[in-house]
Amino acid sequence: MKRLLALVIPLLLCGGPALAATPSPPHGHAQQTARASRARVSRARAPAPKPPVAVTLSSILPRGYLKANSTLRVHGRLTNQSETAYQRVSVQLRFSSQAMTSRGQVETYGDDKGLEPPQGGLPRVISTTLQSGGQQAWALSIPVRQMNLQAFGVYPISVEARSSTGVLLGHQRTFVTYYPTGTPAQKTKVAWVWPVVDQPHRADDSTFVDDHLERQLGSGGRLSNLVTAAARTSTPVSWLIDPSLVDDATQMGDTDGYTMKKGVKRPQSVAANDWLTALHSAVTTGDRLIATPYADPDVMALAQHRMSGDVKLATQQGTHTLADARLGGATASVTVPPDGLADQATLSALVASGSRTIVLSSAIMPDSRFETFTPDPVVNKKVSGTGVKLVAYDDTLYKILDTDTQEPGGTLLGEQRFLAETAMITGERPQQSRTVVITPPRRWNPSSAFAKAVLTYTAKAPWLQAVPLSAAETVRPAGRVFQPQKGSPGLSKNYLRRAKDLSTDIRQFTSIFVPPASDFTLGIPRIESSAWNGQSRHGSDLRGTIEDELTAASNKVKVLNDGVTLVGKSGRIPITISNGLDRGTVTVKLHAYSQNKTRLRVDSVDRTLVLEHGHKDQVTLHMQASANGIAYVNLELLDPHGHALGGPHVLHVRATGYGRTALLITGISLAVLFVGVGIRVVRRRAERAGESVE
């Protein structure tokens, strides 16, 4: 019975024959959409049941690849994740002497599907008792000659942990690459596009909505690691930089500090300034500086919802921002849309914004010839009458780089998988050199060791040759086709509708400035950022902050009068307009009209006012009342295009004039009064004269 369990349970845990994957189609058959690709990744990341014992690999030596005279040494640790203690736990290294034959086979094995390697070294007992929660280090080795590896290629290995009864407690799969001296293989050329992208951290230019960027820029932070890793390697990279990130860091490094919501002040960020210095130094030694549109907007969603003008505006703002930050030479002629996705409308929007080379995911640029090898990445295409190059980055390598390298053993597994995948590309056609473009995910968060390792292996692995992106652009087209992405997995129609409404308000407010620029101009691409794909709540929060700040700023350009008194039938009333903003000169027109023209008429011509910040000016309105009492006048401030800024300001006008009849009666009464007073004065004088005679 124990023997039967020892045979059956391992089969169930590792997949068994029933779970063996069907042969993968050739790599060129991948006529998949990127959405299906993401679905596979999502399923692969779904939490699997934990095995009783976790097998973690800590090192594989020699690093990189094996030679004929090497000894494979694997070190790691066991962790008992169950509530049961196990006696005499052993570990065993399993391997195959047969090289893998396709990238599909590598992917299947890497996804923990199919059978374990058929051969194994001698089991080694490493623990008399492995208590619940206990850990135990282990080390295994085998001379490469005993593995009987046949030729250059990728070979699967696995480390198994078993109980004293032979029950499989856990295992960990990975790969080794064998490259014997004298292998006659043409090197695969690799061009890197290295993303330094984050999410927007400001609403308007003056207000930070969070303080998360500080730790990312500091030592050990995600953005610091990315810059450091690329700066410390000889591998050329093309930098893909979001100008809004540089803009945010520059603002944080200002000597006066920066301002959070509700006016909370932060001191000057030393980390931001140090990071900017490191970035400047690294970029000068890089291959090329590619600027995303400002805040890296979701260009496909914008194009599909007829908001391509925002793409062009963000592109122009992006290159200007990097130039102002002394990161000159940034180009917008090369673009990498978020997730590498595009449809025809997206391509047209990018070309209209100046793009001539567009780097896309290979998931939407498959090989039309159904070849069994990875083709070169370039496709020539006419877009809106303009010739452009579409360059495919490798989607499988993109997903490998996206694996979690922060968890224990994750860095080593990622390195081994990267080496295996690139070696398999070379091994598909070892006599034909091809070019592969690699770019990590937009907001990549690798361990610092992994980021440095993949760049180092690109320069030093004997089957790879690091080249600049410009070299990849010049290769001949090799049969790939562009298959437009269907639908937009990014920002929703409802989200963009509200963003568009806010954009209209921002543009109108901005138009009153001389020159027409305000702290809110860059708020448009910030709320349209691809960072909010799948995080629309955070995008909505940012939009709400901008709306509040815009309303507060708009209310500072206003009419100060609330009520006036019109004495008489008509008169001239001074109206005061104030620019209460902290900075900026504005130009507005005052437009006035009565709510009841029969009761009160306003005779005035719209007058243009130019007000510096903190200044006031007056406009005189001529009013004519036909009745006493209160009347209402609407006062509107207009932008240079004649559109009202917000709702009308209501002026209360109290008319205290008199009609003709009232004036006549008053005049007669005054005359009678004066005559009566005169008669009395004459009588008194006469009486006084008579008294004096007597």
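Each value in this text was obtained by applying a stated rule to the coordinates, not by laboratory testing. Predicted model only: the values in this text are computed from it and were never measured. We place every Cβ from the backbone using ideal geometry, glycine too, and count neighbours over all the protein chains shown.
Taking the convex hull of the alpha carbon positions in the stretch 457-516 and averaging its projected area over all directions gives 9.7 nm².
Going from the fewest other Cβ atoms within 10 Å to the most, the residues T587, T255 appear in the order T255, T587. For the stretch 188-473, the number of Lys pairs separated by eight or more positions or lying on different chains, with C-alpha atoms closer than 27 Å, is 15.
Rule-of-thumb check for the stretch 267-323: C-alpha Rg over 2.2 N^0.38 Å? For the stretch 267-323, the normalised Cα radius of gyration comes out at 1.46. In this simple spin-label approximation, H613 and A85 carry label points 7 Å from Cα along the Cα→Cβ vector, and these lie 7.2 nm apart.
Counting Lys +1, Arg +1, Asp -1, Glu -1, what net charge surrounds H643 among other residues with beta carbon under 15 Å of its beta carbon? Intermediate results must be reported in sequence, preceding the final value.
Details: positive: R507, K589; negative: D501, D505, D606, E636, D639.
Overall, the nearby charge balance is -3.
A Förster distance of 51 Å, applied to the separation of the beta-carbon atoms of R73 and R306, puts the FRET efficiency at 0.25. Based on DSSP H segments of at least four residues, each scored -39500 (n - 2.57), the chain has a per-residue ellipticity at 222 nm of -10500 deg cm²/dmol.
Can you tell me which of 532-545, 420-433 comes out highest on packing, and rank the rest after it, using the mean Cβ neighbours within 10 Å?
Working: 532-545: 17.3, 420-433: 20.9.
Most protected by this proxy first, the peptides run 420-433, 532-545.
Here's the list of aspartates and glutamates a cross-link from K50 could span, going by alpha-carbon distance under 19 Å and ignoring same-chain residues fewer than 8 apart: E83, D111, D112, E116, E160, D404, E407.
Spin-label model, N555 to Q131: label points 7 Å out along the Cα-to-beta-carbon direction sit 6.5 nm apart. Note on Q406/K382: beta-carbon distance plugged into 1/(1 + (r/R0)^6) with R0 of 45 Å gives a FRET efficiency of 0.55.
Pairwise Cα distances in the stretch 188-473 exceed 34 Å for 20 percent of all pairs.
What is the extension gain from S433 to D274, computed as 0.36 nm multiplied by their sequence separation minus the C-alpha to C-alpha distance, in nm to one decimal? Present the calculation step by step, with values, prior to reporting the outcome.
On the way: separation 159, 0.36 × 159 = 57.24 nm, distance 4.07 nm.
Additional length available on full extension: 53.2 nm.
Take every pair of alpha-carbon atoms less than 8 Å apart whose residues are at least six positions apart; their mean separation over the length of the stretch 66-135 yields a relative contact order of 53 percent.
Write down the percent of antiparallel bridges among all DSSP beta bridges whose residues are both part of the chain, to the nearest 5. The answer is about 75 percent antiparallel. Extending 7 Å from the Cα toward the beta-carbon at both N148 and R476 defines two label points whose distance is 4.3 nm.
Taking only the Cα atoms of the stretch 585-648, the ratio Rg/Rh comes out at 1.03, with Rh defined as the Kirkwood radius.
Between T504 and T620, what FRET efficiency comes out of the Förster formula 1/(1 + (r/R0)^6) with R0 = 35 Å and r the beta carbon distance, rounded to 0.05? It would help to have the intermediate numbers written out before the result.
Numbers: r = 33 Å, r/R0 = 0.94.
Result of the calculation: an efficiency of 0.60.
Taking the stretch 599-617 and a reference point 7 angstrom along Cα→Cβ of T656, no backbone N atom is nearer than 12 Å. The residues packed around V334, meaning those with a beta-carbon under 10 Å from its beta-carbon, carry a net charge of +2 if Lys and Arg are +1 and Asp and Glu are -1. Cα centroid separation, the stretch 585-653 to the stretch 194-268: 45 Å. Using C-alpha pairs under 8 Å with a sequence gap of at least 6, the mean separation divided by the residue count of the stretch 493-554 gives a relative contact order of 36 percent. Neighbours of G614, meaning other residues whose beta-carbon lies under 15 angstrom from its beta-carbon, give a summed charge of +1 when Lys and Arg score +1 and Asp and Glu score -1.
Straightening the chain between D603 and Q316 buys 98.8 nm, computed as 0.36 nm per residue apart minus the Cα-Cα spacing.
So for each of 295-306, 497-508, 125-136 I average, over its residues, the number of other beta carbons within 10 Å; can you give me the resulting order with the highest mean first? Walk me through the numbers before you get to the answer.
On the way: 295-306: 26.2, 497-508: 17.3, 125-136: 15.2.
The densest-packed peptide leads the list: 295-306, 497-508, 125-136.
For the chain, relative contact order (Cα pairs under 8 Å, six or more residues apart, normalised by length) works out to 13 percent.
Residue ranges 84-91, 237-244 sort as 237-244, 84-91 when ordered by packing (mean number of other C-beta atoms within 10 Å per residue, highest first).
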